[in-house]
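Colleague: One structure follows; several queries about it will come next.
Each value in this text was obtained by applying a stated rule to the coordinates, not by laboratory testing. Because the structure is predicted, anything quoted here is derived from the model rather than measured. Cβ coordinates were reconstructed from backbone atoms using ideal geometry, including for glycine residues, and neighbour counts include every protein chain displayed.
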Amino acid sequence: MTATARRGRRALSWLRGATIGVVMLFFALPMVWMFAAAFKTNVQVTDPGVGLWFSPTLENFRSILHDGQVITSMGNSLLVGVVSTALSALLAVPAAWAVGRFRMHRTGSLILVARIVPAISLLVPWYYLFARLGLVGSYTVLVLSQMFVSVPLIMWIMISFFAGLPIELEEAARTDGLSAFGAFWRITLPLAAPGTATACLLAFVFSWNNFMFALVFADDRTQTVPVTLFNFISYASTDWGGLMAAATLITVPVVVAAILGQKYLVAGLTSGASKG
């Protein structure tokens, strides 16, 4: 390799690194601002002259922890997110295997339609139905409404994943005496663990962040964290310090889940990208 070629590759490497750094900085700045604002007073938050150098205070965290509503809402969001994701995976993963393995193209098209239809368009008929059943304000209605989005999401991710796995493994298992579902349960499902973890993590994050369903269907006892954050905003003023402190707290579970599932998340995304 000539010296000119080496310099060109070195310059391209530096340019790539600089581009990645700029993109990371662009996406990280709002998080840094939120974290810093959580330790400021409302006056400091709204003062453009106060940057990252200030005297931090823990009063915002003391206030929201003393009130207790944020912690209760986090528990509600965790309960709804875990239950809705688990039930969605229980339904969607075997269904995705059947669609992907047996080439049910029409069913796949229906799933795509379910992903495209805006969930907000169903809020009025849902509210009427659940109100007649006496479920409005319960955890049940929150779980069911989240599943409307989580089931198609998990299915859509897993269909292509199952379609990319070699069918010869299942055929060998069936030759050894397993049923079709037995081959799926003992052979295919363990191989699909990265894709399943990816789909479940994305479904959980959607449930954790969803605002509209909880705003319409939840009450004071079952409201989730997005609705609680909205309560910091009033007609007259906004408690920016408390809002940023609460936002910092509710970001922690999602970040922890992403870190713990990073290995499966990366493996699932790269496997889905490389399989056809």
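Colleague: State the answer as a single residue: which of Asn76, Asn209, Leu260 lies farthest towards the positive end of the charge dipole of the chain, with beta carbon charges of +1 for Lys and Arg and -1 for Asp and Glu, about the Cα centre.
Modeller: Ranked along the dipole, the leading option is Leu260.
Colleague: Net charge within 15 Å of Thr57 by Cβ-Cβ distance, Lys/Arg positive one each and Asp/Glu negative one each, not counting Thr57 itself? Intermediate results must be reported in sequence, preceding the final value.
Modeller: Numbers: positive: Lys40, Arg62; negative: Asp47, Glu59, Asp239.
Once positives and negatives cancel, what remains is -1.
Colleague: Between region 104-162 and region 202-236, how far is it from one alpha carbon centroid to the other, in angstrom?
Modeller: Centre-to-centre (Cα) distance: 18 Å.
Colleague: Using DSSP H assignments, which helices in the chain have an axial alpha-carbon span of 20 Å or above and a mean Kyte-Doolittle hydropathy of 0.5 or higher?
Modeller: On the way: long enough: 3-37 (50 Å, 0.85); 69-101 (46 Å, 1.26); 139-164 (37 Å, 1.80); 193-209 (24 Å, 1.09); 240-260 (30 Å, 2.07).
Span-like helices, by this rule, are 3-37, 69-101, 139-164, 193-209, 240-260.
Colleague: On to the next question. Return the calculated 222 nm mean residue ellipticity for the chain, to the nearest 500 deg cm²/dmol, obtained by summing -39500 (n - 2.57) across DSSP H runs with n ≥ 4 and dividing by the residue count.
Modeller: Numbers: 14 runs with 206 residues, N = 276.
The per-residue figure over the chain is -24500 deg cm²/dmol.
Colleague: While we're on this one: Putting +1 on Lys and Arg Cβ atoms and -1 on Asp and Glu Cβ atoms, find which of Gly49, Ser138, Thr224 reaches farthest to the positive end of the dipole of region 38-274.
Modeller: Looking along the dipole axis, the top candidate is Ser138.
Colleague: Here's a follow-up. Of Ser234, Ser63, Thr107, which is farthest on the positive side of the dipole of the chain, counting Cα position, with +1 on Lys and Arg Cβ, -1 on Asp and Glu Cβ, and the Cα centre as origin?
Modeller: The Cα lying farthest towards the positive end belongs to Thr107.
Colleague: About its Cα centre, what dipole magnitude does region 98-204 give when the only charges are +1 on Lys and Arg Cβ and -1 on Asp and Glu Cβ, stated in debye to the nearest 20?
Modeller: Details: 7 positive and 4 negative charges, 67 e Å.
Here region 98-204 has a charge dipole of around 320 debye.
Colleague: Now for a different question. Let's see if you can work this out: charge +1 on each Lys and Arg Cβ, -1 on each Asp and Glu Cβ, no other charges. What is the dipole magnitude of region 38-274 about its Cα centre, in debye to the nearest 20? Spell out each step's value before the answer.
Modeller: Working: 11 positive and 10 negative charges, 101 e Å.
Value, rounded to 20: 480 debye.
Colleague: Rounded, prolate or oblate: which one fits the chain, using the alpha carbon gyration tensor with axes a ≥ b ≥ c (rounded when a/c is under 1.5, else prolate when a/b beats b/c, else oblate)? It would help to have the intermediate numbers written out before the result.
Modeller: Details: a/c = 2.53, a/b = 1.22, b/c = 2.07.
Oblate shape, in that a/c is at least 1.5 and b/c is the bigger or equal ratio.
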